[in-house]
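Q: Sharing a structure below in structure tokens format, with a few things to ask.
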Amino acid sequence: MILFVGLGNPGSQYENTRHNIGFKVIDKLVNDFSARDISKTSFQGKLYRAANSLFLKPTTFMNLSGRSVQYVKHFFKVELEDIIVIHDDIDLPFGAVRFKRGGGHGGHNGLKSLDMHITKEYLRVRVGVGKPTHKSQVSDYVLHDFLQDEMPMLDALITHVAKACTLLATEELNEVKSNYSLKSIEGLMS
């Protein structure tokens, strides 16, 4: 069983924010796989299933995402190496994509929560959302919508990341890294 987790915040006011890129990728995967909703209150998130894949959007808000992931992991007996987490990363330019297993949280509250609840050795799909000018603006920046001129590129980015996630379930990490890592969205648009 593979568990795909998209990090984000519930509620329509957060729907198009940078912090919710993980939710957007999960929505695309759920649609692509025609996954069915199997959510229960105890999962503390929206959970979908298609064959041997689970797709989770924790509804605990970002800072408590680990609780939802931990519960679903135990309920379905998902191994840590079979958890793939898709999240926004301000240390990467908009449209950059990187993959890695384990590592630090880089100040990301969703990853801090996951590390606390399930340890650090899950697979991460880091999606670059750009960075504000000043460090003091980070929380405001990630909780704001993508810019209008980023929207056309956003769809291509989400499609790219969803395809990479699908392949992570069956191919070696290094193979996916070499074929799907991006320095920026421009590489995808050309």
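Q: Roughly how large, in nm² to one decimal, is the mean projection of the convex hull of the alpha-carbon atoms in segment 2-189?
A: It is 9.8 nm².
Q: Also: Using the 10 angstrom Cβ neighbour count as an exposure proxy, how do 74, 160, 108 rank, fewest first? Don't jump to the answer; show the numbers that get you there.
A: Numbers: 74 10, 160 19, 108 24.
Arranged by neighbour count, lowest to highest, 74, 160, 108 become 74, 160, 108.
Q: Here is a follow-up. Take 131, 100, 77, 46 and order them by how many other Cβ atoms sit within 10 Å, fewest up front.
A: Fewest-to-most ranking of 131, 100, 77, 46: 77, 100, 131, 46.
Q: Can you compute the helix-only [θ] at 222 nm over the chain? Use -39500 (n - 2.57) per DSSP H run of at least 4 residues, normalise by all residues, nearest 500 deg cm²/dmol.
A: Helices in the chain give a 222 nm mean residue ellipticity of -10500 deg cm²/dmol.
Q: A further question follows. With charges only on Cβ, +1 for K and R and -1 for D and E, what is the dipole size of segment 2-189 about its Cα centre, in debye, rounded to 20?
A: With Lys and Arg at +1 and Asp and Glu at -1, about 500 debye.
Q: What do the square roots of 5 times the Cα gyration tensor eigenvalues come to for segment 66-136, in whole Å, largest first, as semi-axes of the equivalent ellipsoid?
A: So the three semi-axes of segment 66-136 are 24, 13, 9 Å.
Q: Can you give me the C-alpha center-to-center distance between segment 122-190 and segment 9-85, rounded to a whole angstrom?
A: Cα centroid to Cα centroid, the span is 18 Å.
Q: What number comes out for the charge environment of residue 155, summing +1 per Lys or Arg and -1 per Asp or Glu over other residues with Cβ under 11 Å away?
A: +1
Bear in mind these aren't lab numbers, they're just calculated from the coordinates by the rules spelled out. It should be emphasised that the depicted structure is a prediction, and the values quoted were computed from it without experimental measurement. Ideal geometry is used to build each Cβ from the backbone, glycine not excepted, and the neighbour counts take in all protein chains shown.
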